[in-house]
Amino acid sequence: MLGSRQVAKSAPQLSVEEAWQSVRASAQMHKQDSFTEEELRDLLGDTPPADVFSWRSPSARKLGLDKDTVSTDELVRLMVDEPRLIRRPLIQVEGRLIVGTDKKAMAEAFG
């Protein structure tokens, strides 16, 4: 299963609260797990790497990256090398990737 260490996969019949509790627990347990480049690219699909990159994390701020000039390939490489640069949780529901704690997107996916 692709990226099963980091990606919470939940059945649509879960309530939003049940899914949210599962996601919080999964995200905490797997905060330091990493992806291979292939796993990360497969998981991202059409999602731009910049949407998954944790721009506000201390690790990212130390890098001093310019959002407007950094390439998508560089962002992927950085996230593969340093898992703390990936916004968590990553939730894949029926082919859709939900990034971070977007409660509205989770309600739509699980509602």
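The values are calculated or read from the model by the stated rules, or taken from the named source; none is laboratory data. Every value quoted in this text rests on a predicted model; they were computed, and no experiment measured them. Methodologically, a virtual Cβ is constructed for each residue, glycine included, from the backbone with ideal geometry; neighbour enumeration extends over all protein chains shown.
Here are a few things to note about the model shown:
- Residue match in segment 29-37 (condition: modelled with pLDDT under 85 and among the β-branched types (Val, Ile, Thr)): no
- Of everything in segment 43-58 that is under 12 Å from the mean Cα position of the chain (by Cα) and either part of a helix (DSSP H, G or I) or hydroxyl-bearing (Ser, Thr, Tyr) (or both), the residue that is modelled with the lowest pLDDT is LEU43.
- Sub-6 Å Cβ pairs linking a first residue in segment 44-61 that is under 13 Å from ARG77 (Cα atoms) to a second residue that is part of a helix (DSSP H, G or I) and of a type in the set (Val, Ile, Thr), at least 6 apart or interchain, are PRO49/THR72; PRO49/VAL76, ordered by first then second residue.
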